[in-house]
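The values are calculated or read from the model by the stated rules, or taken from the named source; none is laboratory data. Owing to the predicted nature of the structure, the values given are computational and were not obtained by experimental measurement. Heads up, the Cβs are rebuilt from the backbone with ideal geometry, glycines too, and the neighbour counts pull from every protein chain shown. In case anyone asks, the SASA skips ligands and DNA or RNA and just uses the protein heavy atoms, side chains included. Shrake-Rupley method; radii C 1.70, N 1.55, O 1.52, S 1.80 Å.
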Amino acid sequence: MPYLALRRRSALPLIGPLVRLLVVGCWIATSSAAADDDRPYVPADVRFNELKDYNGYFPFAPPANSEAWHARSEQVRRRVLVSQGLWPLPTKTPLNAVVHSPVERDGYTVHRVYFESLPGHFVCGSLYKPKGFDGPRPVILSAHGHWADARFHDAGEAQVAKQIAVGADKYQRSGRNFLQAQCVQLARLGCVVFQYDMEGYSDAKQLPFDVVHRYGAKRPAMETAENWGFFSPQAESRVQSVMGLQTWNSVRALDFVTSLPEVDPRRIGVTGASGGGTQTMLLGAIDPRVTAIVPAVMVSTAMQGGCTCENASLLRIETGNVEFAALFAPKPQALLAADDWTREIMTKGFPELKQLYKLLGVEDRVEAYPYTQFPHNYNYVSRAAMYEFFNKHSGFGAKEPIVQPA
């Protein structure tokens, strides 16, 4: 018998006793440790820690230097992309955009739009174009958030009367339709504006609202091995989510507006409040074409987004909304806060963002407006701050103060 075979054969009888000795030794050591402090042995595993939900605390720690931020920002940006199912980015298929039904108004024209963000899946919205301006124009993407009827939202006469009484709005007409009013004002300032639907809102009805934004019950028929949809174990394990789809819709909305001949691709802004603020943050974090952002009533170390369309597996692990906003640095951004989960932004979140921008040598490019005298909103006061911020950083050339008409 060859020497190697003899060595293998002679070692076999020793394996059993050695294994038994190791097991017994580990058991004795563990038992002794447990006996010493009278506590059961618990492995050092993060899965045994207290569970964290979107109502937790999500602080942002500024980096020590620009090199550290470069490494950290790339890591967090990759996390965002992976969590949205966008790493690597999907192939961009033809938009097949249709712009139709123009309506002429004083100082602007509004069109209806639909295009395919994915083959057979449509994004709908309203496109506002200014009148009387020459040359390529700045463009703003407007993400509407979770208001009833979205871009067709009407707050109602009684509600607006209350807002006017406390100084949150000035006029019935623009106050009732404030999501459309911001688009109208931006268009009159010479800006192309595209306000697009979130999934399940207004004209975007391919996925039902109750599934996208109120997923409260399982759908057994959509959780089988052969047939499955969003929120199923099969979808989650493949990082496929409603949030990821909405983020991709935002990317494709940017593709749409930059294809318009009247748009200046060097001046691209994004704004939105509440759930629209979430979309604003994420698009700014992952798409380098965006040049200025105003996320309203969303950037916070507190609540991170209360809808299923704002949360995805793998996203907020050792990071959160303030750091997502930080990914936009060093480009200009303004945060709008209210008497909601953003009320502490001036002491928790904004100082750290300011420190980061200062580290990058552009301290004056980040601003915050804490309108905490008002509840969760995108009201006249907040919109006025947004207009002047974009006027400064997107080059509208408008005379300030900018006063929104009725």
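Database remark: amide H of residue 337 closer than 5 angstrom to the amide H of 297, 369, 371 (H placed geometrically; neighbours at sequence offset of 5 or more, or on other chains; Pro and chain starts carry no H). The solvent-accessible area of residue 171, taken with every protein chain present and a 1.4 Å probe, is close to 60 Å².
When you restrict to C-alpha pairs under 8 Å that are six or more residues apart and normalise by the size of the chain, the relative contact order lands at 18 percent. Distance from the Cα centre of region 347-406 to that of region 113-188, in angstrom? For region 347-406 versus region 113-188, the Cα centre distance is 18 Å. Summary value for region 209-274: 13 percent relative contact order, contacts being C-alpha pairs under 8 angstrom separated by 6+ residues. Taking all protein chains together and rolling a 1.4 Å probe, residue 38 ends up with roughly 130 Å² accessible.
Within region 158-236, list the trypsin sites (Lys or Arg not before Pro) lying in a DSSP loop whose Cβ has at most 13 other Cβ atoms in a 10 Å radius.
In loop regions of region 158-236 (DSSP not H, G, I, E or B), the sparsely surrounded trypsin sites (Lys or Arg not before Pro) are 205, 214, 218.
Here the Karplus relation 6.51 cos²θ - 1.76 cosθ + 1.60, evaluated at θ = phi - 60°, turns the backbone of region 116-125 into coupling constants of 9, 6, 9, x, x, 10, 9, 10, 10, x Hz, with x for every Gly and Pro.
With helices defined as uninterrupted DSSP H runs, which ones in the chain have an alpha carbon span along their own long axis of at least 30 Å and mean Kyte-Doolittle hydropathy of at least -1.0? Don't skip to the answer; put the middle values down first.
Working: long enough: 3-37 (51 Å, 0.78).
Span-like helices here: 3-37.
Relative to the Cα centre, the charge distribution of the chain, modelled as +1 at Lys and Arg Cβ and -1 at Asp and Glu Cβ, gives a dipole magnitude of about 800 debye.
Remark: C-alpha extents of the chain on the principal axes read 97, 47, 42 Å, sorted largest to smallest. Summarising the amide proton neighbourhood of residue 206: residues at separation of 5 or more, or on other chains, whose placed amide H is nearer than 5 Å comprise 200.
Annotation: amide H of residue 137 within the under-5 Å range of 263, 264, sequence separation 5 or more or interchain, hydrogens built in the peptide plane.
Among residues other than residue 392 with Cβ under 11 Å from its Cβ, the summed charge is -3 (Lys and Arg +1, Asp and Glu -1).
Net charge dipole, region 257-372: roughly 200 debye, given to the nearest 20, about the Cα centre with Cβ charges of +1 for Lys and Arg and -1 for Asp and Glu. In a shell of Cβ-Cβ distance under 14 Å around residue 179, excluding residue 179 itself, what net charge do Lys and Arg (+1) and Asp and Glu (-1) give? Taking every other residue near residue 179 into account, the sum is 0. Dividing the convex hull volume of the alpha-carbon atoms in region 284-406 by its residue count gives 130 Å³ per residue. Placing a pseudo-label 7 Å from each Cα along the Cα-to-Cβ vector at residue 218 and residue 39 gives an inter-label distance of 3.5 nm.
Extending 7 Å from the Cα toward the beta-carbon at both residue 344 and residue 111 defines two label points whose distance is 4.7 nm.
Given the pairs 131/170; 52/348; 131/354; 129/392; 162/218, which are separated by over 28 angstrom at their Cα positions?
Details: 131/170 25 Å; 52/348 19 Å; 131/354 37 Å; 129/392 20 Å; 162/218 40 Å.
Exceeds cut-off: 131/354; 162/218.
Dipole size of region 42-149 about its Cα centre, with +1 on Lys/Arg Cβ and -1 on Asp/Glu Cβ: approximately 200 debye, rounded to the nearest 20.
The phi-based Karplus calculation (6.51 cos²θ - 1.76 cosθ + 1.60; θ = phi - 60°) puts the 3J(HN,Hα) values of region 50-59 at 5, 5, 10, 10, 5, 8, x, 10, 10, x Hz, whole numbers, x for Gly and Pro. With θ taken as phi - 60° and the Karplus curve 6.51 cos²θ - 1.76 cosθ + 1.60 applied, the whole-hertz 3J(HN,Hα) list for region 216-224 is x, 9, 5, 10, x, 5, 9, 10, 8 Hz, x standing for glycine and proline. Highest GNM mean-square fluctuation among 39, 343, 383, for the chain modelled with Cα contacts below 10 Å: 39. For region 198-290, a Kirkwood hydrodynamic radius built from all Cα pairs, placed in the Stokes-Einstein relation at 4 °C and 1.567 mPa s, yields a translational diffusion coefficient of 86 µm²/s. Accessible surface of residue 116, taken over heavy atoms with a 1.4 Å probe and every protein chain present, rounds to 30 Å².
Can you pull out the GluC sites (Glu not before Pro) in region 196-248 whose DSSP state is coil and whose Cβ has at most 13 other Cβ atoms within 10 Å? Let's see the in-between values first.
Details: sites: 199, 223, 226, 236; in loops: 199, 226.
Taking region 196-248 and a limit of 13 other Cβ atoms within 10 Å, the loop GluC sites (Glu not before Pro) found are 226.
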